[in-house]
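What follows is a single structure, written as structure tokens, with notes after it.
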Amino acid sequence: MELFQQLVNGISLGSIYALIALGYTMVYGIVKLINFAHGDVFMVGAFIGFYSITVLDLSFFPALLISMAACAVFGVIIERIAYKPLRNATRIAALITAIGVSLMIENGMIFIRGAQLEAYPTNLLPSENIDIFGVSIKSQSLLILGVSLVLMMILQIIVHKTKIGKAMRAVSYDAEAAKLMGINVNNTISATFAIGSALAGAAGVIFGTYYIKIEPLMGVLPGLKAFVAAVLGGIGIIPGAMVGGLLLGLIEALVSAAGFSLWRDAAAFVVLILILIFLPQGLFGKNKREKV
Amino acid sequence: MLKVEDINVYYGNIQALKGVTLEINQGEIVTLIGANGAGKSTLLKTISGLLKPKNGQVLYEGKSIGGKQAQAIVKQGISHVPEGRRVFANMTVQENLELGAFLRKDKAGMKEDMERVYVLFPRLLERLKQQAGTLSGGEQQMLAMGRALMARPKLLLLDEPSMGLAPLLVKTIFRIIEEINATGTTILLVEQNANLALSIADRAYVVETGRIVLAGTAEELTSSEKVKMAYLGGH
Ligand SMILES: Nc1ncnc2c1ncn2[C@@H]1O[C@H](COP(=O)(O)OP(=O)(O)O)[C@@H](O)[C@H]1O
Ligand SMILES: [Mg+2]
């Protein structure tokens, strides 16, 4: 039952992609910007979690919350300083800025603490083997999957049931009409960055707990893959990012299980190419049609 | 109630309004008529805060609102039903109506206004859980108006509510506009259908290429040769 454990691994990894992909997709939905610095927020989140655990001596959940809060603030600062002045600029200007912000965060981190690896403590979460239907699964995988799913559920509740969530949906659909409702568009955009970045921060801590090693460039590859996941689900569509992330994790696990583990990273980009050719609007995307 | 004094409004370096002055009194229906591209929508957007006048004044209840943020203006009691309805197609009818009351906290008053919207637009009540994007054009217009009323405006700006609607539906919409006005809401109505607009308005302004070229009571304009020629089909 090696395969079964592989699938569970795939879903756990996929849930990390999904958490990061949500930030990409929410930000794209509201300001039509691919925030290439998002993977680096994930990295910063992993480090904040690490220092909370090792320096402040906290356990997993408090570290997760601290990292989420700090990343939320960090995300808003990035948005206010780097992106807000470009709200009406060309898309390419914003995109180049995003890449610049990404490089700045990565190199800033290296400047502050060096480029060396750190290792999360391995005893953060109980690591037993649990038997389910005669198959043994690592308890860590399940916990991580559970935490991710709870976060995604909370996000759904925020987006659909709260005032700020409704404002976010209204602004991403039609910012001018949203203004006419009395919605403060700038604050709504900041809130979107805050929530997306908090999820990336959570993903960072979960990643560190599960894969142990973290370093300043760790956000690059998961960031790109999460971007692929967001495109796979349909960029701008929240459930799409969740499904896209889980699916991508599963695809990678299956590629590994089939004996092509060296090709695991390439799989994501093959998926991206296929999606862009055959289903550019993504799995959940609709072809938008205007009604007159 | 509202005074617009000598405003100039630009899109980049294109001037869309040139020294526009107009006044709306409490309780009136005032209509702006004029050809496509004359600047009618620009004027409404400037009043509701989506555009800022380069110079000149917009005074509402004696206070200057020119250049204020749109959300501050909604809060003071001006609601704008934009051209093309602009309902949130990805949300339900109910959610759209709730968004109209975004700035309000008085639950009881909101409930009251929701009931009032259902009375004015019974069709919306039948379709509360339906996605706004699946409504017909007329229903979307009703939703856009209902949504604006949820802010309990004192002044309602309506931009071409009859656009693209069947004649019977246009009649219904105009009857409802009169009803809304009868309950004390002042109305500024932009229309291409000048005949119909003049038939329910107290006063009217004619806009041509960014300027007000004619102003008067609805009767005066209805009988004006110039208006007859240009906007009432010449008879
Ligand atoms: N977003 C815009 N950018 C540039 N020019 C615009 C924009 N919107 C309107 N205009 C121009 O401003 C003028 C007035 O437009 P508008 O107010 O929409 O006219 P109306 O509502 O009377 O049809 C037109 O010449 C139009 O081309
Ligand atoms: Mg117009």
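For region B:19-62, filtering for residues that are within 16 Å of ligand 2 (Cβ to nearest atom), assigned to a strand (DSSP E or B) and among the hydroxyl-bearing types (Ser, Thr, Tyr) leaves 1.
Each residue in region B:53-74 was checked for being free of Cβ contacts under 8 Å to residues at least 40 places away in the same chain and not polar (S, T, N, Q), and 8 pass.
If you check B:Ala35, B:Ala16 for being within 10 Å of ligand 1 (Cβ to nearest atom), touching a helix residue (DSSP H, G or I) at 6+ places or on another chain (Cβ under 7 Å), more than 14 Å from chain A (Cβ to nearest Cβ) and touching a residue at least 12 places away in the same chain (Cβ under 8 Å), only one passes: B:Ala16. Counting the residues of region B:1-13 that are part of a strand (DSSP E or B) and either away from ligand 1 (no atom under 13 Å from the Cβ) or in contact with a strand residue (DSSP E or B) (Cβ under 7 Å, 6 or more places away or on another chain) (or both) gives 9. Elements of the type helices (runs of 4 or more DSSP H) sitting completely within region B:82-150 and holding at least 1 residues that are more than 8 Å from every other protein chain (Cβ to nearest Cβ) and farther than 22 Å from B:Glu160 by Cβ: these cover B:93-100, B:107-120, B:122-126. Being within 24 Å of B:Gly34 (Cβ to Cβ), β-branched (Val, Ile, Thr) and within 16 Å of ligand 1 (Cβ to nearest atom) holds for only one residue in B:Thr217, B:Thr222, B:Thr209, B:Thr186, and it is B:Thr209. For B:Leu59, the criteria (1) over 30 Å from B:Gln15 (Cα atoms); (2) modelled with pLDDT of 95 or more hold in every case but one, which is (1). Looking across B:Asp113, B:Asp159, one residue alone is of a type in the set (Asp, Glu), at pLDDT 95 or above and either farther than 20 Å from B:Leu50 by Cβ or away from ligand 2 (no atom under 16 Å from the Cβ) (or both). It is B:Asp113. Any chance region B:45-55 includes a residue that's more than 23 Å from B:Gly84 (Cα to Cα), of a type in the set (A, V, I, L, M, F, W, C) and modelled with pLDDT of 95 or more? Checking region B:45-55: not a single residue is more than 23 Å from B:Gly84 (Cα to Cα), of a type in the set (A, V, I, L, M, F, W, C) and modelled with pLDDT of 95 or more.
For the residues B:Met150, B:Met145, the requirement of being over 21 Å from B:Ser41 (Cβ atoms), modelled with pLDDT of 95 or more and buried (at least 22 other Cβ atoms within 10 Å of the Cβ) singles out B:Met150.
Scanning region A:147-168 for residues that are surrounded by fewer than 21 Cβ atoms within 10 Å (Cβ to Cβ) and over 16 Å from the mean Cα position of the chain (by Cα) returns A:Ile157, A:Ile158, A:Val159, A:His160, A:Lys161, A:Thr162, A:Lys163, A:Ile164, A:Gly165. Hey, any hits in region B:42-56 for a residue that's surrounded by fewer than 20 Cβ atoms within 10 Å (Cβ to Cβ), basic (Lys, Arg) and at the interface with chain A (Cβ under 9 Å from one of its Cβ atoms)? No: zero hits.
Which members of region B:1-13 meet the condition of being away from every other protein chain (no Cβ under 14 Å) and either more than 16 Å from ligand 2 (Cβ to nearest atom) or on the phi > 0 side of the Ramachandran plot (or both)? Residues satisfying the conditions are B:Met1, B:Leu2, B:Lys3, B:Val4, B:Glu5, B:Asp6, B:Ile7, B:Asn8, B:Tyr10, B:Asn13.
Taking the conditions exactly as written (touching a Phe, Trp or Tyr at 6+ places or on another chain (Cβ under 8 Å), modelled with pLDDT of 95 or more and more than 16 Å from ligand 1 (Cβ to nearest atom)), does B:Phe102 satisfy them or not? In short, no.
Scanning region B:182-196 for residues that are modelled with pLDDT under 95 and assigned to a helix (DSSP H, G or I) yields B:Ala194, B:Asn195, B:Leu196. Name the residue that is surrounded by the most Cβ atoms within 10 Å (Cβ to Cβ), counting only residues in region B:71-81 that are at the interface with chain A (Cβ under 8 Å from one of its Cβ atoms), assigned to a helix (DSSP H, G or I) and of a type outside the set (Val, Ile, Thr). Out of the qualifying residues, it is B:Gln71. Looking at region B:212-232, is at least one residue surrounded by 15 or more Cβ atoms within 10 Å (Cβ to Cβ), away from ligand 2 (no atom under 16 Å from the Cβ) and part of a loop (DSSP other than H, G, I, E, B)? Yes; the residues of region B:212-232 include at least one that is surrounded by 15 or more Cβ atoms within 10 Å (Cβ to Cβ), away from ligand 2 (no atom under 16 Å from the Cβ) and part of a loop (DSSP other than H, G, I, E, B).
The values are calculated or read from the model by the stated rules, or taken from the named source; none is laboratory data. For clarity, every value in this text was computed on a predicted model and none was experimentally measured. No Cβ is skipped: glycine too gets one built from the backbone with ideal geometry, and neighbour counts run over all protein chains shown.
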